[in-house]
Amino acid sequence: MACHLREHISLLEESDYDNVDWAWWSVKLLAQDIWDNSFHTKGYIFRNGDGVVEEDRMRLMEIFDENGMDLFDYIRIEE
């Protein structure tokens, strides 16, 4: 999932890419899904504890930071 997200982020950076709107929405959907559900399966999280979700959220923020992007421009957080 991390590699898939990075690939979609790279599409945003391609100035000659014809479908930037699609790329933006795909990054938004992937980021939201990862934020809500993590990079891992629910079974993996159950076996390894709830801390996995927070670790994955930090990893998600790192991916966006590496690309000079603000994750919170792409996700919504429900309280």
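The values are calculated or read from the model by the stated rules, or taken from the named source; none is laboratory data. Since the model is a prediction, treat every value here as computed from it, not as a measurement. Heads up, the Cβs are rebuilt from the backbone with ideal geometry, glycines too, and the neighbour counts pull from every protein chain shown.
For segment 45-76, which residues satisfy the criterion of being of a type in the set (Lys, Arg) and touching a helix residue (DSSP H, G or I) at 6+ places or on another chain (Cβ under 8 Å)?
57, 59, 76 - these are the residues of segment 45-76 that are of a type in the set (Lys, Arg) and touching a helix residue (DSSP H, G or I) at 6+ places or on another chain (Cβ under 8 Å).
Can you tell me which residue within segment 10-34, out of those that are surrounded by 17 or more Cβ atoms within 10 Å (Cβ to Cβ) and in contact with a helix residue (DSSP H, G or I) (Cβ under 6 Å, 6 or more places away or on another chain), is modelled with the lowest pLDDT?
Looking at residues that are surrounded by 17 or more Cβ atoms within 10 Å (Cβ to Cβ) and in contact with a helix residue (DSSP H, G or I) (Cβ under 6 Å, 6 or more places away or on another chain), I get 23.
Among the residues that make up segment 45-62, is at least one of them farther than 17 Å from residue 5 by Cβ and of a type in the set (S, T, N, Q)?
yes
Could you look through segment 35-66, keep only residues that are outside any helix (DSSP H, G or I) and surrounded by 15 or more Cβ atoms within 10 Å (Cβ to Cβ), and pick out the one that is farthest from the chain's Cα centre (by Cα)?
40
Going by the conditions given, is residue 1 loosely packed, with under 13 Cβ neighbours inside 10 Å and aliphatic (A, V, I, L, M)?
No; evaluated as a whole, the condition is false for this residue.
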